[in-house]
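Asks: Please read through the structure below; I'll follow up with questions.
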Amino acid sequence: MLRQNWWKILCVILLLYTLVAGFLGGVPAKPILNETIRNLYFHVAMWFAMMILFIVSVIYSIKYLRTSNHIFDIYALEYAKAGIVFGSLGVLTGSIWARYTWGAFWSNDPKQLGAVIALLIYLAYLVLRNSMTDMDKRARIGAVYNVFAFAMLFPTIWIIPRMVESLHPGGMGNPALDTHDIDARMRIVFWPGAVPGWTLLAVWITTLRIRLQLLTEQRLHH
């Protein structure tokens, strides 16, 4: 049992480390950011988790299109749902950060708009699936749309916002992951603690939902 659950134990340890070191550990004194720089361990790390979840989701959608195995469709759906949750948490924590560094929760910044557009595209994936009753058709069309939604992450989040002026890191130079902006004290919390910790939590939640979905379907078929 312990051998099977080692990664869950690791998840708890990493998140405890992130919370304790994140709130109590030393951080560089940066103008405007001040103590809000600690949000790096939450906002940015949750977006890393979101991207990993969406990558796993699209991989399972591609597997479904190749094999028509219904299990792959369930995996793709649940990983996409978890990605939406962590993406929404990323937007929320980013808005709180913006309130204390930019002066407002929302300022129509290109990166804020791009992030919301990307999440709306993924929410449309859920709406599209719920609009169809035929299981095979829903899975097939949903898989194709999921590939499209993943492709749209790049222009909405990574490309277009970086091509225009922005208050967000990567636009006009606000501190983020640049080696000149965060020091070793933050890196040893962010990379080995926050990123894998939040990602493992997201995977843990997703595996529970997948198991629940599989049990529900087995009950319906018996």
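Asks: With the crude spin-label approximation of a point 7 Å out along Cα→Cβ, what separation in nm comes out for Met132 versus Gln4?
Replies: Output for this residue pair reads 3.4 nm.
Asks: Using the heavy atoms of the protein chains and a 1.4 angstrom probe, tell me the accessible area per residue for the chain in square angstrom.
Replies: For the chain, the solvent-accessible area averages 55 Å² per residue.
Asks: Placing +1 on the Cβ of each Lys and Arg and -1 on the Cβ of each Asp and Glu in the chain, which of Asn34, Ala118, Ala184 has its Cα farthest towards the positive end of the resulting dipole?
Replies: Farthest towards the positive pole: Ala118.
Asks: Treat every Asp and Glu Cβ in segment 30-185 as -1 and every Lys and Arg Cβ as +1, leave all other atoms uncharged, and give the resulting dipole magnitude about the Cα centre to the nearest 20 debye.
Replies: For segment 30-185, the charge dipole is close to 320 debye.
Asks: Show me, for segment 114-121, the HN-Hα J-couplings you get by feeding each phi into the Karplus relation (A = 6.51, B = -1.76, C = 1.60, θ = phi - 60°), rounded to Hz, glycine and proline as x.
Replies: x, 5, 5, 4, 4, 5, 5, 4
Asks: Ok, one more. State, to one decimal in nm, how far the label point of Glu165 lies from the label point of Ser68, with both points 7 Å from Cα in the Cβ direction.
Replies: 5.6 nm
Asks: Go ahead and estimate [θ] at 222 nm for the chain from helices alone: -39,500 (n - 2.57) per DSSP H run with n ≥ 4, summed, over the residue count, rounded to 500.
Replies: Rounded to the nearest 500, it is -23500 deg cm²/dmol.
Asks: Accessible area of segment 84-138 with a 1.4 Å probe: how many percent of it is carbon plus sulfur?
Replies: 66 percent
Asks: Pop out the ³J(HN,Hα) list for segment 28-40 in order, Karplus 6.51 cos²θ - 1.76 cosθ + 1.60 with θ = phi - 60°, rounded to Hz; leave Gly and Pro as x.
Replies: Taking θ as phi minus 60°, the curve returns x, 7, 10, x, 6, 5, 6, 6, 5, 4, 5, 5, 3 Hz for segment 28-40.
Asks: Each residue of segment 202-215 in order: what ³J(HN,Hα) in whole Hz does its phi give by Karplus 6.51 cos²θ - 1.76 cosθ + 1.60, θ = phi - 60°, with x for Gly and Pro?
Replies: Working through the residues one at a time gives 4, 5, 4, 4, 5, 5, 5, 5, 5, 4, 4, 5, 5, 5 Hz.
Asks: Work out the charge dipole of segment 6-221 with +1 on the Cβ of Lys and Arg and -1 on the Cβ of Asp and Glu about the Cα centre, then indicate which of Gly193, Ser68, Phe23 is farthest towards its positive end.
Replies: Checking the options against the dipole of segment 6-221, the answer is Ser68.
Asks: Please identify, among Met186, Met50, Met135, the residue showing maximal mean-square fluctuation in a Gaussian network model of the chain using a 10 angstrom Cα cutoff.
Replies: Highest fluctuation among the options: Met135.
Asks: When all protein chains stay in place, what accessible area (Å², nearest 10, 1.4 Å probe) is found for Leu200?
Replies: Spelled out: Leu200, probe radius 1.4 Å, area about 40 Å².
The values are calculated or read from the model by the stated rules, or taken from the named source; none is laboratory data. Since this is a predicted model, take the numbers as computed values, not measurements. Virtual Cβ from ideal backbone geometry, glycine too; neighbours counted across all protein chains shown. In case anyone asks, the SASA skips ligands and DNA or RNA and just uses the protein heavy atoms, side chains included. Shrake-Rupley method; radii C 1.70, N 1.55, O 1.52, S 1.80 Å.
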